[in-house]
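Notes follow the structure.
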Number of protein chains: 2
Amino acid sequence: MNATVVPQKDSFAIGIDMGGTNTTVGLVNAQGQVVRTTHLKTRHHATADDYLRALAMAVKNTLHGEPISGIGMGAPNANYHTGQIVDAANLPWKGVLPIAEKLSALTGYRVRLTNDANAAAIGEGTFGAAQGLSDYIVVTLGTGLGSGFVANGRLILGHDGLAGELGHMIAVRGGRRCGCGRNGCLETYASATGIVRTAEEWLLARREPSLLHERTAKITAWDIQQAASRGDALALELFEYTGRILGETLADAVAITSPEAIIFYGGLARAGELLLKPVRAHFEQNLLHLYSGKIRLLTSSLPEANAAILGASALAW
Amino acid sequence: MNATVVPQKDSFAIGIDMGGTNTTVGLVNAQGQVVRTTHLKTRHHATADDYLRALAMAVKNTLHGEPISGIGMGAPNANYHTGQIVDAANLPWKGVLPIAEKLSALTGYRVRLTNDANAAAIGEGTFGAAQGLSDYIVVTLGTGLGSGFVANGRLILGHDGLAGELGHMIAVRGGRRCGCGRNGCLETYASATGIVRTAEEWLLARREPSLLHERTAKITAWDIQQAASRGDALALELFEYTGRILGETLADAVAITSPEAIIFYGGLARAGELLLKPVRAHFEQNLLHLYSGKIRLLTSSLPEANAAILGASALAW
C-alpha cells in the first residue's frame, strides 16, 4: 500500500497501536489529530479473546458518538493480507490469531491490520518526518524492534505480508537467545528490552560505581536513559554498545533499499542523541562508501505514540 | 521502474551486460529473443574511454541494419538516475564514469544504464523465472555478487539509484578484505571469485588428496565445480562452506522484503544443485520461522547470460 494516505475531509477513524506491553486506542480526525485516546495493557489477559473483548470495550469508550470510517490497527507480526497475527515473539499468545475478523465481529466496524512498525511508517509518511520521501525506513524501538521499509513510495509488505522484520536480522551470530527461537537477533540487543538485558548482564559482572547499582526495582530503559543523561559512565557505555550493534546492522540493511532517511520511534528512541550519536558513528563507519553521508538518522517528530496511531488510522481511510 | 516491461511489437533494442570480466552486447527482438551477440573483455582497456570506444564498435558490429529503440545497459555499481558508474569495486577504473552520456555520444543512440543485477531482475521478471511474481530477488554470482530486489512489482532503486548491494552486506564481521575497502562482505565469499579465494586458502593450508591439488594453472570456479561433480571431497566442502555463508546472509536479507523466490544467475550459479543444496539447507536453518518453507530458491531458466542482456534491453523500450 502507499506510504502516504490522503484522508477524506471531515472523516474520523480509529487507530490502534498494539505493542508487546501496552495498547493505545486513538480517535483520529482527517487533519491527523489524535482527538482522544484510551490505554490498556496488552499482557494482562489470559487469552487473546480476553484481550480482544477488552480492546472492543476500549474502542467503544473512545468514541463519543463520532461516525468513523473503520478501525486500523498496528500490531506485532501482523499480516496485512490475512488480518492475522501468527506466533508473535513478543506476545503471550501463540498460534494463529484472527485479530481483524474477531475485532470486527465484536465492534461491528471494518478492521484493517498491519505490522505496528508498518503503521508507524505510514504515519511518518502521511503526517511526520518522512513526508515527501519515497524511500525510508521507520524503526520502532520498544519491547522488540520493529521496522517498516518504504521503497518507491510504497510500503514493502512482501509476498506474504510479513516483510520488514529488521529486528530478526542476526546482529551477533551465535548471540543472545531471542523469543523467536533463534540466537543473536538485533532486537535482543537494540530495543528497550535489549538494552535492559545488557545492563543486567553488566551489573552482575562489573562492580564499578554506577547510578544503576543503586536501583532496587527491576531496571528499565528509562532508568538507563536517566543515568546516562546525568553522565553515568556505565549507562553511557550501554548506549554506546547498543548503538554500535544497531548502527552495524542498519549499515547492512540500507545496502538493500538505499533509503534517504531512517526514523527512530518508540520507548528507547526517546533517549534521542544519547542513542543516535553512537548509532550514527557506527552506522557511518560500517557503511558501504556509496552511501556515506547520504542517509539521515532522525527521531520521530510526531508526538509520542502518535505515529503508530496515525498510521494505523490511515489503514481505515 | 517496473520489473516487467512490455516491448513494442516489431521493435529491436540493444542490451549490454557489462560484468567485471566480460561484456556482452546483444540485439534483442520484441519476443525476448537474443538475435545476435558480440563479446568483449571488460578489463583489457587502460581507461574507461578506451573501453567505451571498443564498446561502441561492438554495438556497431552487432547491428546489421536493424532499427533500434535504444541501448540499455547493466553494469556494476551503475546508477539508473544519473547514468553513471561510481567507484565500482570490480572495475579497474575508479571515480565517476558518465557511461550513458559518453556511449550515447559515441553511438548516437539513447542509452539507459542500471546495475547489472537490476537488469537481470527485469530480464527474469519479463522473460524468465520471475514472470508473474511481484516480490523476488535476483542474485548474480559472477566476479562479484550483485542483486536486484523487486517489491510490489517494482525494482527497488533507492533514493539515489544505488539500492540492491547484497554483495556488500557483512557476512563475516572482521572477515576478508573486500574491493570496497571494508572487511567480510558477502561477495568476498559467495561469488566465482570468492569460492576461488577460499579454495586457494584451503589448498595452502590443507594436504588431503584433492583433484584441485593437481591443477597447475590458477584455479577457477569452473574447476571447483568440475571436481565437485566428480565427488571430490574438498571441492564439495568448498560448496558447503560457500553455501552456508550465502544461505545465512540471504536468511537475513529476506527478513526485509519477504520475497516469493530468489533466483540465482551468473558463473557460479551454473553449479546448480552443487551450490543450491547447501544454500537451501543453511537458508532454511537460519530463517525466521515466519518464512520457513515459503521462499523458493531457483537458478535462472534463461539461456546463459541472457537474463542480463534481456533485462538491459528492456531499459531501452
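The values are calculated or read from the model by the stated rules, or taken from the named source; none is laboratory data. Since we're looking at a predicted model, the values are computed, not measured. All Cβ positions, glycine included, derive from the backbone under ideal geometry; neighbour counts span all protein chains shown.
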Problem - Single residue of A:311, A:247, A:266, A:293 found to be closer than 18 Å to residue A:171 by Cα and of a type outside the set (S, T, N, Q) - result: A:247
Practice task
Please report, ordered by residue number, the helices (runs of 4 or more DSSP H) entirely within region B:146-263 with at least 1 residues that are buried (at least 18 other Cβ atoms within 10 Å of the Cβ) and touching a residue at least 60 places away in the same chain (Cβ under 8 Å).
Solution key: B:192-205, B:233-257
Handout entry: Boolean, residue A:42 is touching a Ser or Thr at 6+ places or on another chain (Cβ under 7 Å) and more than 23 Å from residue A:94 (Cα to Cα)
Key = no
Exercise for the section: For residue A:270, state whether it is within 23 Å of residue A:118 (Cα to Cα), more than 14 Å from chain B (Cβ to nearest Cβ) and surrounded by fewer than 21 Cβ atoms within 10 Å (Cβ to Cβ). Expected result: yes
Exercise for the section: Sort out for me the strands (runs of 3 or more DSSP E) sitting completely within region A:12-103 that have 3 or more residues that are β-branched (Val, Ile, Thr). Expected result: A:22-29, A:34-41
Practice task
Quickly run through region A:71-110 and pick out the residues that are buried (at least 16 other Cβ atoms within 10 Å of the Cβ), without any contact (Cβ under 8 Å) to a residue 40 or more places away in the chain and at positive phi.
Solution key: A:83, A:87
Completion exercise
Across region B:177-204, the tally of residues that are out of contact with any Gly (no Cβ under 6 Å at 6 or more places or on another chain) and among the small types (Gly, Ala, Ser) stands at 5
Exercise for the section: For region A:44-70, name all the residues that are under 20 Å from residue A:144 (Cβ atoms) and loosely packed, with under 15 Cβ neighbours inside 10 Å. Expected result: A:44
Problem - Residues within region A:264-288 that are more than 30 Å from residue B:178 (Cα to Cα) and not in a helix (DSSP H, G or I), tallied - result: 4
Handout entry: Tally, over region B:179-189, of residues that are modelled with pLDDT under 95 and closer than 18 Å to residue A:254 by Cα
Key = 2
Completion exercise
Checked B:135, B:50, B:160, B:87 against criteria (more than 27 Å from residue B:260 (Cα to Cα), within 12 Å of another protein chain (Cβ to nearest Cβ) and either of a type in the set (Asp, Glu) or in contact with a His (Cβ under 9 Å, 6 or more places away or on another chain) (or both)); the one match is B:87
Fill in the blank from the handout: Selection from region B:144-157 of residues among the aliphatic types (A, V, I, L, M) and at the interface with chain A (Cβ under 7 Å from one of its Cβ atoms) yields B:151, B:156
Exercise for the section: Could you please let me know if residue B:22 is within 14 Å of chain A (Cβ to nearest Cβ) and under 26 Å from residue B:162 (Cα atoms)? Expected result: no
